[in-house]
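Comments concern the structure below.
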Amino acid sequence: MDMAQDRLLEAAGLQVQKMALGDAKEQGAALMKLMDSASVITDPAMGNKIDILA
């Protein structure tokens, strides 16, 4: 391969990585929004006991 093809492959790989990073940032932001919207359990007794026979 000549240098022009190498540069083209490198540039294409870089663009794919940038797109993947952008997608990961969007997914992270969506996850943070989901975590913030989750309700907090205020009952301290909830979840203290489990029924292992159920």
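Excluding residues on the same chain fewer than 8 positions from LYS18, give the aspartates and glutamates whose Cα lies under 18 Å from its Cα. Cα-Cα hits under 18 Å: GLU10, GLU26.
Provide, for q = 0.18, 0.19, 0.27 Å⁻¹, the log10 of I(q)/I(0) from a solvent-free Debye sum over equal Cα point scatterers in the chain. Reported log10 I(q)/I(0), two decimals: -0.79, -0.81, -0.99. Taking the Cα atoms only, what angle lies between the long axis of helix 3-37 and the longest principal axis of the chain, rounded to 10 degrees? Relative to the chain, helix 3-37 is tipped by roughly 20 degrees.
No value in this document is a laboratory result; all are computed from the given coordinates. These numbers come from a predicted model, not from an experiment.
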